[in-house]
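Engineer: The structure is given below, and queries will be raised subsequently.
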Amino acid sequence: MNLETWYELFPACSRADINFLLCELLHLNKTDLVLIAEPDPQTTQKLRSWLDQLAQGLPPQYIAGRAWFYGLDFYVDERVLIPRFDTEVLVEAIVRYLKDNDRVLDIGCGSGAIAITLKHLIPNLDVYATDISESALDVARINAARHSCQICFQCADLFPDSPSSFDMIVSNPPYIPHDEYLLLDPMVRDHEPKQALLADDGGLKYYKAIINKAKEHLEPSGFLAFEHGCSQQEQLLCLTKNAGFRTLEKGKDLSGRDRYLILQKRG
């Protein structure tokens, strides 16, 4: 069957999601999709099974067991949030503030996408990553092994027991407030881990907890970097200024929305 036939058979599914699964199953680039020939019966059966799951609302990355982030492939399942391309802009910005042998902490690492990508880009970094979910850390360890990255993973509520100080702390914590959570795309709301999305206090709960203790865990002039919701930047600027941080960079995502902050500890 050609590409249009698959689209017609599964009209409720987005073409982008169908394309993703076709590329994953057939090991093709998107530009090669128009050239696909009739798959063998076994491949056709597996593809139909995948598309049936997609039609039922399961995210395509969970179906294929893979997501792409900064050119690297990551294993994902329902234990972790699916890495987003918008987070790549944060990683790209962070790298400019890091140097060899810096000690970095990724709080709430999930699949390990940020920590592993930073280690991949700057191999001599000393990278630590925490998550409150041991099952999420199991996925992160799979991904670290996949990319031959030595990272110290610890199950912790934000900060690890040791070491005590870092040159950079980065976090993409849960930041969706309750009212917005109810409005999320059902593919996200019904399948991705609620614990990795939802936050009390108008979405600011984890930012406040991190900001409250970040200075004591940062070296002098150390950096703090956040991904945040597109309406949260001004609140975070106020919180971090009052906590003794100066703003180095206010960044936008691929859609031009406010998406990240890079800050530096004063004194």
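Engineer: If you go through the range 146-157, how many residues are over 13 Å from Ser111 (Cβ atoms), out of contact with any Leu (no Cβ under 7 Å at 6 or more places or on another chain) and loosely packed, with under 15 Cβ neighbours inside 10 Å?
Structural biologist: Residues meeting the conditions: 3.
Engineer: Does the range 23-33 include one or more residues that are within 18 Å of Glu4 (Cα to Cα), among the charged types (D, E, K, R) and surrounded by fewer than 15 Cβ atoms within 10 Å (Cβ to Cβ)?
Structural biologist: Checking the range 23-33: at least one residue is within 18 Å of Glu4 (Cα to Cα), among the charged types (D, E, K, R) and surrounded by fewer than 15 Cβ atoms within 10 Å (Cβ to Cβ).
Engineer: Give the residues of the range 195-208 that are assigned to a helix (DSSP H, G or I) and either under 21 Å from Leu137 (Cα atoms) or not assigned by TED's automatic domain parsing to the domain that holds Asp106 (or both), sorted by residue number.
Structural biologist: If the condition is that a residue be assigned to a helix (DSSP H, G or I) and either under 21 Å from Leu137 (Cα atoms) or not assigned by TED's automatic domain parsing to the domain that holds Asp106 (or both), then Gln195, Ala196, Tyr206, Tyr207 are the ones that fit.
Here's the yes/no breakdown for (1) out of contact with any strand residue (DSSP E or B) (no Cβ under 6 Å at 6 or more places or on another chain); (2) among the charged types (D, E, K, R):
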{"residue": "Gln150", "(1), (2)": "yes, no"}
{"residue": "Pro160", "(1), (2)": "no, no"}
{"residue": "Pro177", "(1), (2)": "yes, no"}
{"residue": "Asp185", "(1), (2)": "yes, yes"}
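Engineer: So, one more: Does Arg66 qualify as being out of contact with any Pro (no Cβ under 6 Å at 6 or more places or on another chain) and not assigned by TED's automatic domain parsing to the domain that holds Ile132?
Structural biologist: yes
Engineer: When Leu54 is evaluated against the numbered criteria (1) surrounded by 15 or more Cβ atoms within 10 Å (Cβ to Cβ); (2) touching a strand residue (DSSP E or B) at 6+ places or on another chain (Cβ under 9 Å), which criterion, by number, is the only one it fails?
Structural biologist: Here Leu54 meets the rest and fails (2).
The values are calculated or read from the model by the stated rules, or taken from the named source; none is laboratory data. Just so you know, these numbers come straight off a predicted model, no measurement behind them. Counting neighbours? That spans all protein chains shown, and the Cβs are built from the backbone with ideal geometry, glycine included.
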